[in-house]
Amino acid sequence: MMMLMVAGLAGYRGMRRGAELRGADSIVRTTLMLARQQAVMKRKSVEVFFIHDITNNSLRIVSEAKMIHSEVFLPTAIEFIAPPASIKFGPAGSAGLLEFVPIKLQEKTGMGSAGHLGVSAITNWPLTGVTQ
């Protein structure tokens, strides 16, 4: 009975970590899409800042007038891997990037189902501003 409980607990922890990474991936994608949508609808630049520190990883949507529209936080077990400082969406919806910069997320600790830290990559295309 104890062996079954230990095996079940290990499986649960792996599933939970995977769910946190998928959730964080969804948060980043949704935030980028929302910022792009706001830029197009309001016909003004909107910028998303990637706040990365030891205790808190978040995304902040800021308008052209430097007003903070919203801030979303990643789960505590997830962190950015060398994110860009910001992505600025113009009124046409394009991202103000000169080159393609992937946004990577990683589990801080623990091992994923494949025996390594889980990593997720998000693509934001400079010309169109579309997030994949």
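Please report Rg (one decimal) and Dmax (integer) in Å for the Cα set of the chain.
17.2, 62
Can you pull out the trypsin sites (Lys or Arg not before Pro) in the stretch 32-132 whose DSSP state is coil and whose Cβ has at most 15 other Cβ atoms within 10 Å?
R43, K44, K66, K108
Using only Cα atoms and rounding to the nearest 10 degrees, what angle (0 to 90) does helix 2-42 make with the longest principal axis of the chain?
0 degrees
May I ask you to list the chymotrypsin sites (Phe, Trp or Tyr not before Pro) in the stretch 20-94 that are in a DSSP loop and have at most 11 other Cβ atoms within 10 Å of their Cβ?
none
Counting each DSSP H run of 4 or more residues in the chain as -39500 (n - 2.57), what helix-only mean residue ellipticity at 222 nm follows after dividing by all residues, to the nearest 500 deg cm²/dmol?
-11500 deg cm²/dmol
Of all accessible surface on the stretch 33-132 at a 1.4 Å probe, what whole percent is carbon and sulfur?
C and S fraction of accessible area: 61 percent.
Given a 1.4 Å probe, how much area per residue of the chain is accessible, in Å²?
The answer is 61 Å² per residue.
Mind giving me the nanometre distance, one decimal, between the label points for T123 and S70, set 7 Å out from Cα along Cα→Cβ?
With each label point 7 Å from Cα toward Cβ, the separation is 2.5 nm.
How high is the relative contact order of the chain, in percent, with contacts defined as C-alpha pairs under 8 Å that are six or more residues apart?
About 24 percent, as a whole number.
Between M1 and Q132, take the C-beta separation as r, use R0 = 30 Å, and let me know the FRET efficiency to the nearest 0.05.
Given R0 = 30 Å and the Cβ-Cβ separation, E is 0.05.
Which value, in Å² rounded to 10, gives the accessible area of D25 with a 1.4 Å probe and all protein chains present?
20 Å²
The values are calculated or read from the model by the stated rules, or taken from the named source; none is laboratory data. All figures in this text were calculated on a predicted structure; none of them were measured in a lab. Using ideal geometry, Cβ is built from the backbone for each residue, glycine included, and neighbour counts are taken over all protein chains shown. For the accessible areas, the whole protein counts, side chains as well, though only heavy atoms, and no ligand, DNA or RNA atoms are used. Shrake-Rupley method; radii C 1.70, N 1.55, O 1.52, S 1.80 Å.
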